[in-house]
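S.K.: Take a look at the following structure, please.
None of the figures in this text is laboratory data; all of them are computed from the coordinates on show. Note that the structure is predicted; figures quoted are calculated from it, not measured. So basically every Cβ, Gly included, is an ideal-geometry build from the backbone, and we count neighbours across all protein chains shown.
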């Protein structure tokens, strides 16, 4: 850590002088994070892959039933068997209200902020459904594997998190959780996301 501090010290800025942070984020999504600091608040952009940690089987079961009904196959019997996720791509854009904590309990902490924000999220997914069905009068099941589906989602999210700027070197670490609500194409479908990462501050 001392060696890293010596290398980055010439580029370091005080906590109140950050302008732009670029780094990596792990979670949902996992990818690149960019944060533009304003006079008091900030604007954040995240882009990367979402691995579906918070979707759950119920989400895809519901989507399958909606998708299958639109196909109008009219088979007398069918059963959903599962899905294979294609690792969707997510883009988040958020405005953050950010404020220094100053103290945690009785301890004074310099460089620790909490933030609250709201924004929009775009998700693209390509995945495959597996299911089986019966034809009229036929007692046998027919299996369908890997029927590909493209899914575009647009919605709103709210976020709350913590950010700590390391003293004397231009690095910040952060962690947050957010609630995403779809508007298109499954209105009012909610699920949780979250992540953590590190940014280099210019």
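S.K.: Once R0 is set to 35 Å, what does the formula 1/(1 + (r/R0)^6) return for the Cβ-Cβ distance between residue 154 and residue 109, expressed as a FRET efficiency to the nearest 0.05?
M.R.: Using R0 = 35 Å, I get an efficiency of 0.40.
S.K.: Report the full-extension gain for the segment residue 189 to residue 69: residue separation times 0.36 nm, less the Cα-Cα distance, to one decimal in nm.
M.R.: That pair, residue 189 and residue 69, stretches by 41.3 nm at full extension.
S.K.: Tell me the label only: which of (1) 47; (2) 42; (3) 30 is percent of Cα pairs over 26 Å apart as calculated from this structure?
M.R.: (1)
S.K.: Quick one: angle between helix 56-71 and the longest Cα principal axis of the chain, in degrees between 0 and 90, rounded to 10, please.
M.R.: Roughly 50 degrees between the two axes.
S.K.: Let me ask something else. What relative contact order, as a whole-number percentage, does the chain give when Cα pairs under 8 Å and 6 or more residues apart are counted?
M.R.: Computed over the chain, the figure is 23 percent.
S.K.: Estimate the FRET efficiency between residue 32 and residue 130 by the formula 1/(1 + (r/R0)^6), using the beta-carbon distance for r and 30 Å for R0, to the nearest 0.05.
M.R.: Efficiency, rounded to the nearest 0.05: 0.35.
S.K.: I've got another one for you. With a point put 7 Å past each Cα toward its Cβ, work out how far residue 175 is from residue 143 in nm, to one decimal.
M.R.: It is 4.3 nm.
S.K.: Another question, if that's okay. With each run of n ≥ 4 DSSP H residues scored as -39500 (n - 2.57), what mean residue ellipticity at 222 nm is computed for the chain after dividing by its residue count and rounding to the nearest 500 deg cm²/dmol?
M.R.: Calculated from helices alone, the mean residue ellipticity at 222 nm is -3500 deg cm²/dmol.
S.K.: Right, another one. Relative contact order for the stretch 58-163: what percent, with Cα pairs under 8 Å and sequence separation of 6 or more?
M.R.: Once normalised by length, the contact order is 30 percent.
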